[in-house]
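Comments concern the structure below.
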Amino acid sequence: MLLLAGAPWLDHPAVQAWRTVCVAITLQALPFLLLGTALSGAINAFVPADLFTRVLPKRPALAVPVAGVAGAVLPGCECASVPVASSLIRRGVTPAAAFAFLLSAPAINPVVLTATAVAFPGDPAMVAARLLASLATAAVMGWLWLWLGKETWLRPLLRHRHTGHRHGHSRRTEFRLGFQHDFLHAGGFLVVGAMAAATFNVTVPGSVLDAFSGSPWLSVIFLAVLAVLLAVCSEADAFVAASLTGFSPTARLAFLVVGPMVDLKLIALQAGTFGRAFAWRFSTATTVVAVTASVLISGALL
């Protein structure tokens, strides 16, 4: 609407750059958000209510790593995993297992691992390190939720299970309504996250990266924070990490592990889907666990 109105300040180079980055992030994530919400709607409308509870181990502590490994089957970025995890919880899956799936799916699926191998040619250790560190983070966060998590942090809709087909709705209608609600709801938060990431991209100069690359510990923390702020899709983040040649392998691994699990658009999506009380606690804890796992795995493999 502002473009149509012909506002002159929109032609400023910084504003044009902001607009380009914001639209690029949104369009990059949009197909995967469509995939995730369509899959979420299909699960809600067509999958028997007790299927997931029958497939997963009965003990929640065992269901967590199984759900984490199962994340490899969803070829999408973090935007797709949020509505799917929400749907799993509504279908009776323990939240700890759903959250392990949410974290692992965008980080260990075949598309992401293949992109990592292409971005780091001749370095299979980086692919293995990303896989192991991401799985470890997903499992630890699931177990932490079992130990410390409270369902009161989740939205009331998720605390009360609405599983199965509702009487009076055809399954096709139920799929359409569920897909429409999830996509429009999550899409707004995706745009908010993209706007925040674009603001960081435009306002922070590239020289800041050089100031942190010389310190082993500060470089790890800096790239972890950078992964949160840049909000690069998990299918593309390996190429960004490969371009950061001034940083250590450990720092670049932290960038690859943190990014698909915690970034601005994902925090916004989690806040809109699960609630703000959940989002800030979960995102903070995930960042700490992901950085720790990256340092430990890097010490063993890189």
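With the condition kept exactly as written, say whether any residue in region 162-184 is modelled with pLDDT under 75, surrounded by 15 or more Cβ atoms within 10 Å (Cβ to Cβ), on the phi < 0 side of the Ramachandran plot and among the β-branched types (Val, Ile, Thr).
For region 162-184, residues modelled with pLDDT under 75, surrounded by 15 or more Cβ atoms within 10 Å (Cβ to Cβ), on the phi < 0 side of the Ramachandran plot and among the β-branched types (Val, Ile, Thr): present.
If I filter region 126-142 down to residues being farther than 20 Å from Ala96 by Cβ and of a type in the set (Gly, Ala, Ser), which single residue comes out as most open to solvent (accessible area, probe 1.4 Å)?
Top of the filtered list is Ala128.
Could you list, in sequence order, the residues of region 12-45 that are modelled with pLDDT of 75 or more and of a type outside the set (A, V, I, L, M)?
His12, Pro13, Gln16, Trp18, Arg19, Thr20, Cys22, Thr26, Pro31
Suppose the filter is outside any loop (DSSP other than H, G, I, E, B), out of contact with any Pro (no Cβ under 6 Å at 6 or more places or on another chain) and without any contact (Cβ under 8 Å) to a residue 60 or more places away in the chain; does Thr287 pass it? Steps first, answer last, please.
On the way: outside any loop (DSSP other than H, G, I, E, B): yes; out of contact with any Pro (no Cβ under 6 Å at 6 or more places or on another chain): yes; without any contact (Cβ under 8 Å) to a residue 60 or more places away in the chain: no.
For Thr287, the condition - outside any loop (DSSP other than H, G, I, E, B), out of contact with any Pro (no Cβ under 6 Å at 6 or more places or on another chain) and without any contact (Cβ under 8 Å) to a residue 60 or more places away in the chain - is not met.
Filter region 240-266 down to the residues that are modelled with pLDDT of 90 or more and part of a helix (DSSP H, G or I) and list them by number.
Answer for region 240-266, where residues must be modelled with pLDDT of 90 or more and part of a helix (DSSP H, G or I): Pro249, Thr250, Ala251, Arg252, Leu253, Ala254, Phe255, Leu256, Val257, Val258.
The values are calculated or read from the model by the stated rules, or taken from the named source; none is laboratory data. Keep in mind that this is a model prediction, so the values were computed, not measured. Using ideal geometry, Cβ is built from the backbone for each residue, glycine included, and neighbour counts are taken over all protein chains shown. Areas reflect the complete protein model, heavy atoms only, side chains present, ligands, DNA and RNA absent. Shrake-Rupley method; radii C 1.70, N 1.55, O 1.52, S 1.80 Å.
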